[in-house]
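Heads up, the thing below is written out as structure tokens.
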Amino acid sequence: MAAGVSVRAGAAGVPYGHVVGSEKWRGSRLVRGLQGPVRLILEEDLALVDFHLPHGTCVLYVSEADVVAGNGFRRRLAQFRSASNLNGIVMVERTTTSDQYFPAMQNFVVLELGMTLLPVANQEEASQLIIQLVHEQSKDRTSNPFLRKQCSQLTHASILRTVQQIPGVGKTKALLLLQRFGSIHQLCNASVQELEQVVGQTVAQQIYAFFTQTN
Amino acid sequence: MPASSRLLETEAPLCILVDSREISSGSEIISSLKAVHEIKVQVCSLGGCDYIVSNRLVVERKFQSELLNNTNRSKLIQRIQHLQSMFERICVIVEKDRIKAGEALRQLHRTKHYDGMLSAFVRAGIRILFSSCQEETAKLLKDLALVERRKKAAIAVPPEVSSPKQDALRFYLSIPNISHLTALNMCHRFGSVKMMANSSLKDIAAGAQVSQQKAEEIYRYIRYGFDPQMLPENLNTNGKSSTSMAKC
């Protein structure tokens, strides 16, 4: 059993557009669905893993029968989690039969093990999803909208807006205050006298009170 | 950790902030969180966040149908990017669409776009959870809040502020890329706005309960040298501003 924990040595080196699958899947509908859209290589001894994708991602498949049978798959997933630092995606067959077990399984895989769980209805759906995962992993990082570095906001406009949140301060006063003090930090530390040089006495006191008011 | 403080920690009720927009589409989630899971729910305007579950985790709730095709894509991307600017962790709960009375049970017709969106989430480290109804979504939110509490990230300040502090809350909320919860933390943890502004990086991180990186952003923003020349045209010159000029 312990030997079975080993995860394929070159797993991180699956080339773009490729999938390395376990030999036991030969002839399956899942493999037939993959062939063509991705380059599939079947190998013996992938141990716990069913498919290796590019970028150190791999798929562990849990069939309807595995789910219904109970704890076997849990042991396998926990073993994988402690034995490897690969990005493990668990694909589970969610059918009318296995549906009732899904919430508990999701809790275990996602919340306890911290892995990804993606339900599929059958092997065909799994092959379609794997194709999309391979495409995603093969693309440039910047093509993923959630990995793109966002451009910085207009800081000066934001600062003006922040200062306008002070009670009694509109846009004109905010501009005058910032021109005089230069930054929010300086403005926070201004004395009433200094503030009075820019705005009227009442507002100066109001601003001072706003900054220094404690609970 | 001494046993007594651990006991205290488990006794404090879990708290989740819920965006007021969820009242219409997720009323059962809110009532289930309160009644079944005994969670302190604060409904308020969260500016684009559906559920704030901890100091670092936000949950976006999506119907399955919204991920099936292109129509909602750009809106969804914008929303998630907005969340990414504020939170360290994002979880998307994919909820089955409600079946209207009299409608036959529909099987999910899975699309390439759906699988593509899931793949993009996975690659970007965005967590995905699946729910078949609002009650289940509520359970998932609670489970997430429990995990976050174990990781010492639970919401630990009162979710509301007294009226004199409302102004300070608004002030903090105007800092770019700050979540409602971060602003709340600042309100409760800093004696005054001045004290916050004079805090060290470490104190900002501890007080606002944010990452080192976010603390640096806040620290820099507070000290950023303002230059009116750098304002966008519409803010600096006439147009709308001329009216406000007259008012002041």
If only one of B:ALA120, B:ALA197 is within 12 Å of chain A (Cβ to nearest Cβ), crowded, with 19+ Cβ neighbours inside 10 Å and out of contact with any His (no Cβ under 6 Å at 6 or more places or on another chain), which one is it?
-> B:ALA120
Of all residues in the range A:56-99, count the ones that are within 14 Å of another protein chain (Cβ to nearest Cβ), free of Cβ contacts under 8 Å to residues at least 24 places away in the same chain and of a type outside the set (D, E, K, R).
-> 1
When A:PHE102 is evaluated against the numbered criteria (1) buried (at least 18 other Cβ atoms within 10 Å of the Cβ); (2) under 21 Å from the mean Cα position of the chain (by Cα); (3) within 11 Å of chain B (Cβ to nearest Cβ), which criterion, by number, is the only one it fails?
-> (2)
Would you mind stating whether A:ASN122 is surrounded by fewer than 18 Cβ atoms within 10 Å (Cβ to Cβ) and without any contact (Cβ under 8 Å) to a residue 60 or more places away in the chain?
-> no
All positions within the range B:123-143 that are at the interface with chain A (Cβ under 7 Å from one of its Cβ atoms), part of a helix (DSSP H, G or I) and out of contact with any helix residue (DSSP H, G or I) (no Cβ under 6 Å at 6 or more places or on another chain) | B:GLU136
Candidates A:VAL59, A:VAL67, filtered to the one that is under 25 Å from the mean Cα position of the chain (by Cα) and buried (at least 17 other Cβ atoms within 10 Å of the Cβ) = A:VAL59
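Every residue, every condition in (1) closer than 30 Å to A:TYR16 by Cβ; (2) touching a Pro at 6+ places or on another chain (Cβ under 6 Å); (3) in the same structural domain as A:TYR61 (by the TED database), yes or no:
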position: A:ILE131; (1), (2), (3): yes, yes, yes
position: A:LEU147; (1), (2), (3): yes, no, no
position: A:ARG161; (1), (2), (3): no, no, no
position: A:SER183; (1), (2), (3): no, no, no
position: A:LEU187; (1), (2), (3): no, no, no
position: A:GLN193; (1), (2), (3): no, no, no
position: A:THR202; (1), (2), (3): no, no, no
position: A:ILE207; (1), (2), (3): no, no, no
Answer from A:LEU53, A:LEU42 - the residue that is crowded, with 17+ Cβ neighbours inside 10 Å and in the same structural domain as A:ARG76 (by the TED database) = A:LEU53
Number of the condition not met by A:GLY17 [criteria: (1) under 26 Å from A:LEU113 (Cα atoms); (2) surrounded by 12 or more Cβ atoms within 10 Å (Cβ to Cβ); (3) modelled with pLDDT under 90] | (1)
Taking A:GLY88 as meeting all but one of (1) at pLDDT 95 or above; (2) of a type in the set (Gly, Ala, Ser); (3) crowded, with 20+ Cβ neighbours inside 10 Å, write down the number of the exception.
-> (1)
Determine whether the range A:96-105 contains at least one residue that is among the aromatic types (Phe, Trp, Tyr) and either in contact with a Cys (Cβ under 7 Å, 6 or more places away or on another chain) or not in a loop (DSSP other than H, G, I, E, B) (or both).
-> yes
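Taking A:ALA157 as the residue in question, decide whether it is farther than 23 Å from A:TYR16 by Cα and among the aliphatic types (A, V, I, L, M). First the steps, then the outcome.
Values: farther than 23 Å from A:TYR16 by Cα: yes; among the aliphatic types (A, V, I, L, M): yes.
In short, yes.
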Residues located in the range B:136-173, provided they are buried (at least 19 other Cβ atoms within 10 Å of the Cβ) and of a type in the set (S, T, N, Q) = B:THR137
Kindly establish whether A:LEU129 is at the interface with another protein chain (Cβ under 9 Å from one of its Cβ atoms), closer than 23 Å to B:TYR224 by Cα, modelled with pLDDT of 95 or more and crowded, with 19+ Cβ neighbours inside 10 Å.
-> no
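Counting only residues that are more than 9 Å from chain B (Cβ to nearest Cβ), give me the helices (runs of 4 or more DSSP H) lying completely in the range A:141-215 with at least 1 of them. If you could, list the steps in order and put the result at the bottom.
Working: elements: A:155-163, A:171-181, A:184-188, A:192-196, A:201-212.
Here the list reads A:171-181, A:192-196, A:201-212.
The values are calculated or read from the model by the stated rules, or taken from the named source; none is laboratory data. The structure displayed is predicted, hence computed values, not measured ones. Methodologically, a virtual Cβ is constructed for each residue, glycine included, from the backbone with ideal geometry; neighbour enumeration extends over all protein chains shown.
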